[in-house]
Amino acid sequence: MTPEELARRVARIRQELAEASDGRYPAPRLIAVTKTHSAEEILPLAEAGVTEIGENRVQELLGKLPGLQDRFKVHLIGRLQRNKVKQIIGDVCMIQSVDSEPLAAEIHSRAVAAGRRMPVLVEVSPAGEEQKGGVPFEETGAFLKRIAPLEGIEVRGLMAVMPLTDDEEYLDGLFARMRGLFDRLREKDLDGAVMEELSMGMSGDYRLAAKHGATMVRVGSAIFGPRG
Ligand SMILES: *Cc1c(COP(=O)(O)O)cnc(C)c1O
């Protein structure tokens, strides 16, 4: 794809995000999901004004990082094994997929050792598909309370991956439910948690996510085309 076409797609998505949030909420930031794409393919995004990218595999990310690190902030958005945390603790701006206490504890201790505090999001399972990862919806508040005191992490909000379905009404309900949970937890004002990010919405549903006040959407194939 030419850099011009990439830039057109990014501009169109941003426009749609602004329209869908419709003044009710600020338009979400666009996190370009760059998994499976090479550093060469990714770099033109900088020209399109993209400053944040998302990757879901540690090994793949580490291989591409040298070419990308000065241009983009990198979010880790996929499942993270505990034994890989130390490899990325200095290189990512946020870990979006924290859904267990052992993982939170590992990030905490590696961050403390590296002299930093790692921003994290709690991944919530919005539809009870727990095999896909994410804290069960009803347990999110209790989970947050348990991990927020760890000094090596800074809880910044929630993240959700919606189920794969064309049922817009169902998805609309799930996005609304996530926004409701986010607002309730924010009002609780828990020590150690700054609830300002709600990461939800992907290529198939970013407009709905924007309508319900996502603060960031994670979009891959709508930018780069379907993954082979
Ligand atoms: C791949 C991925 C995305 C982006 O998916 P698209 O449908 O290509 O936009 C978003 N979030 C997570 C966690 C992903 O793994």
### Message
So, Val85, is that one closer than 27 Å to Met162 by Cα, of a type in the set (A, V, I, L, M) and assigned to a helix (DSSP H, G or I) or not?
### Response
yes
### Query
Out of all the residues in the stretch 120-133, which are open to solvent by 10 Å² or more (accessible area, probe 1.4 Å) and either without any contact (Cβ under 8 Å) to a residue 12 or more places away in the chain or on the phi > 0 side of the Ramachandran plot (or both)?
Gly128, Glu130, Gln131
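Here is a yes/no grid of residues against (1) within 28 Å of Pro149 (Cβ to Cβ); (2) touching a residue at least 24 places away in the same chain (Cβ under 8 Å):
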| position | (1), (2) |
| --- | --- |
| Leu181 | yes, yes |
| Asp189 | yes, no |
| Gly192 | yes, yes |
| Met195 | yes, yes |
| Gly201 | no, yes |
| Asp205 | no, yes |
| Ala210 | no, yes |
| Thr215 | yes, yes |
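Sort through Leu208, Leu190, Leu198 and tell me the only one that's away from the ligand (no atom under 14 Å from the Cβ), surrounded by 14 or more Cβ atoms within 10 Å (Cβ to Cβ) and among the aliphatic types (A, V, I, L, M).
Details: Leu208 fails: away from the ligand (no atom under 14 Å from the Cβ); Leu198 fails: away from the ligand (no atom under 14 Å from the Cβ).
On inspection, the qualifying residue turns out to be Leu190.
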### Message
I need the full set of residues from the stretch 13-27 which are within 14 Å of Thr215 (Cα to Cα), part of a helix (DSSP H, G or I) and of a type in the set (A, V, I, L, M), in order please.
### Response
Leu17, Ala18, Ala20
### Task
Give me the pairs, please: first residue somewhere in the stretch 89-112 and closer than 18 Å to Phe72 by Cβ, second residue anywhere and in a loop (DSSP other than H, G, I, E, B) and open to solvent by 10 Å² or more (accessible area, probe 1.4 Å), beta-carbon distance under 6 Å, and either six or more positions apart or on two chains.
Ile89/Ala114; Gly90/Ala114; Gln96/Ile77
#### Entry: Where a residue in the stretch 27-47 is closer than 19 Å to Pro3 by Cβ and its partner, wherever it lies, is open to solvent by 30 Å² or more (accessible area, probe 1.4 Å) and at pLDDT 95 or above, with Cβ under 7 Å and at least six apart
Leu30/Arg14; Leu43/Arg71; Ala46/Arg71; Glu47/Ala7
### Query
within 16 Å of the ligand (Cβ to nearest atom) and at pLDDT below 95: does that describe Arg79?
yes
### Residue in the stretch 171-185 that is closer than 18 Å to Gly78 by Cα and within 14 Å of the ligand (Cβ to nearest atom) present
no
### Message
Just to check your reading of the model, which residue among Gly67, Gly23 is more than 13 Å from the ligand (Cβ to nearest atom), open to solvent by 40 Å² or more (accessible area, probe 1.4 Å) and more than 26 Å from Val135 (Cβ to Cβ)?
### Response
Gly23
#### Entry: Residue in the stretch 26-38 that is farthest from the chain's Cα centre (by Cα), counting only those that are surrounded by fewer than 16 Cβ atoms within 10 Å (Cβ to Cβ) and under 17 Å from Phe224 (Cβ atoms)
Ser38
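The values are calculated or read from the model by the stated rules, or taken from the named source; none is laboratory data. Just so it is clear, the structure is predicted and the values come from calculations on it, not from any experiment. Glycine also receives a Cβ, built like all others from the backbone with ideal geometry; neighbour counts cover every protein chain displayed. Keep in mind that these areas ignore ligands, DNA and RNA; they rest on the heavy atoms of the full protein, side chains included. Shrake-Rupley method; radii C 1.70, N 1.55, O 1.52, S 1.80 Å.
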